[in-house]
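Each remark here refers to the structure printed beneath this line.
The values are calculated or read from the model by the stated rules, or taken from the named source; none is laboratory data. Since this is a predicted model, take the numbers as computed values, not measurements. All Cβ positions, glycine included, derive from the backbone under ideal geometry; neighbour counts span all protein chains shown. Only protein heavy atoms, including side chains, enter the accessible area calculation; ligands, DNA and RNA are left aside. Shrake-Rupley method; radii C 1.70, N 1.55, O 1.52, S 1.80 Å.
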Amino acid sequence: METPAHTKRLLKVLAGTACFPPPVWLMRQAGRYLPEYLELRAKAPSFLDFCYTPALSAEATLQPVRRFGFDAAILFSDILVLPYALGQKVHFDPAEGPKLKPIVSEADLSALDEQLDRNRVAPVLETIDRVKQNLPNDVALIGFCGAPWTVACYMVAGKSSPDQAPARLLAYREHDFFSRIIKTVVDASIDYLTWQIDAGVEVVQIFDTWAGVLPASQFDEWCVAPVKAIVAGLKARRRRAIVIGFAKTGGSRLVDFASQTKVDAVGLDTTVDIDWAARTFGQSTVLQGNLDPLALVASGAAMERGVKEILSVFRARPHIFNLGHGILPQTPISHVAKMLDLVRGKGGP
Ligand code: CP3
């Protein structure tokens, strides 16, 4: 029998109940700051091979939970597994990051599968199954995908870019074509998240890492509408699906994002003023975030102040403690342990 949801603090908060201390997990909590990850990573020739080997990716998912006792595990994979599974050439250069064969013409797009083939993501689903068998009863499992805008940024540029000029230019110059790329990712993401839920994840997070580079006039069309379509499509199929939306962008447009997309919880990035967020979002909106990943690198007074402020501002409302973006590879593990002590009230007098 399934463990009742209320034994998992993350699910309790996502159902709208405030918990203190709040449940805590960190974006990119599995990865290079962990010595045990670096050791495990050496067992696969490439990052994609690693993601596609369930024994390795399941172990990487479990490592941070074992070391730190986080309230949630996040599936170890990558947002670029989706374009890869659709047939785009993708590899990860250890020095330069992701490299994809850019989608710049109709021919490039039609070379991809129109629909996601379940067999192409089967190892990811098997990873979920393995993690479920080894996860403590009180720890929730989070699945994820990239938001269509962010995934399209990489599909079009073929690599990382500081301002996502290639995708923004394509969206201006060839609106309908860019829109078809987005639609392909929306449809594939609905299938992908449905299968992740069926395999056992209890919550999914949609990462829109590049939402912040969109001008106001483009935000609704390329960030809000596609995420809204995924949430609606997923909930039409799996009524109880729980979705956290992380649109990495500051300020007032997050309010639109939250109300339009109907995500169950809103991730706050590092730049968001928490007092503003607490005033602006109703008590019924679950918030997640937003300690500066650099405060975790610095530790000391900066981190203590940051943690304390977040805890006190969000104390009486449903809140999930997290960073404002992914944990940085140079983060000392002792700082993570110290942060958890502070969040859980074990930091001394
Ligand atoms: O612990 C977790 O959060 C689960 C694993 C996870 C990874 N990537 C592992 C990874 C998750 C949730 C992601 C999401 C992801 N991937 C995002 C959105 C979140 C964010 O941080 O903004 C984005 C934009 C990507 C794309 C991506 N993957 C880039 C740009 C890079 C290279 C830069 C970098 O951070 O290294 C990756 C590679 C990647 N994904 C690594 C890891 C652990 C490093 C490669 C390695 O360990 O060999």
- Using the alpha-carbon centroid of each, what span in Å lies between the stretch 267-328 and the stretch 109-132? 33
- How much of the accessible area of the chain, in percent, comes from carbon and sulfur atoms when a 1.4 Å probe is used? 52
- Based on DSSP H runs of at least 4 residues, each adding -39500 (n - 2.57), what is the mean residue ellipticity at 222 nm of the chain after dividing by all its residues, to the nearest 500 deg cm²/dmol? -14000 deg cm²/dmol
- Query: Quick one: helix 333-343 against the long Cα principal axis of the chain, what's the angle to the nearest 10°, folded into 0 to 90?
  - Reply: 60
- Item | Taking all pairs of distinct alpha-carbon atoms in the stretch 28-96, Kirkwood radius in angstrom | 12.7
- Task: Report the net charge of residues surrounding Phe246, where surrounding means a beta-carbon distance below 13 angstrom and charges are Lys +1, Arg +1, Asp -1, Glu -1.
- Result: -1
- Item | Relative intensity, log₁₀ I(q)/I(0), of the stretch 187-338 from a Debye sum that treats every alpha carbon as a point, q = 0.19 Å⁻¹ | -1.18
- Message: Please enumerate, by chain and number, the lysines with C-alpha under 20 Å from the C-alpha of Lys132, excluding those fewer than 8 residues away in the same chain.
- Response: Lys8, Lys12
- Message: To make sure I understand the rule: partners must be lysines, Cα under 19 Å from the Cα of Lys308, and not fewer than 8 residues away in the same chain. Which ones qualify?
- Response: Lys338, Lys346
- Message: Report the gain in length on full extension from Glu39 to Glu106: 0.36 nm times residue separation, minus Cα-Cα distance, nm rounded to one decimal.
- Response: 19.9 nm
- Can you work out the FRET efficiency for the pair Ile333 and Asp176, with r the C-beta to C-beta distance and R0 = 56 Å, to the nearest 0.05? 0.70
- Taking only Cα atoms, what is the 0 to 90° angle, nearest 10, from helix 175-199's long axis to the longest principal axis of the chain? 50
- Message: For a quick check, take a GNM of the chain with Cα springs below 10 Å and name the residue from Leu323, Leu112, Leu169 with the largest mean-square fluctuation.
- Response: Leu169
- Candidate aspartates and glutamates - alpha carbon under 18 Å from Lys235, same-chain residues fewer than 8 apart omitted: Asp187, Asp191, Asp198, Glu202, Asp264
- Only residues of the stretch 19-35 count here: report those whose backbone N is under 18 Å from the spot 7 Å along Cα→Cβ of Asp93, or say none. none
- Message: So, for the stretch 4-343, what is the accessible surface per residue at a probe of 1.4 Å, expressed in square angstrom?
- Response: 40
- Task: Report, to the nearest 10°, how far helix 225-237 tilts away from the longest principal axis of the Cα atoms in the chain, using its own Cα long axis and a range of 0 to 90°.
- Result: 80
- Over the Cα atoms of the stretch 4-343, what is the Rg over Rh ratio if Rh follows Kirkwood? 0.94
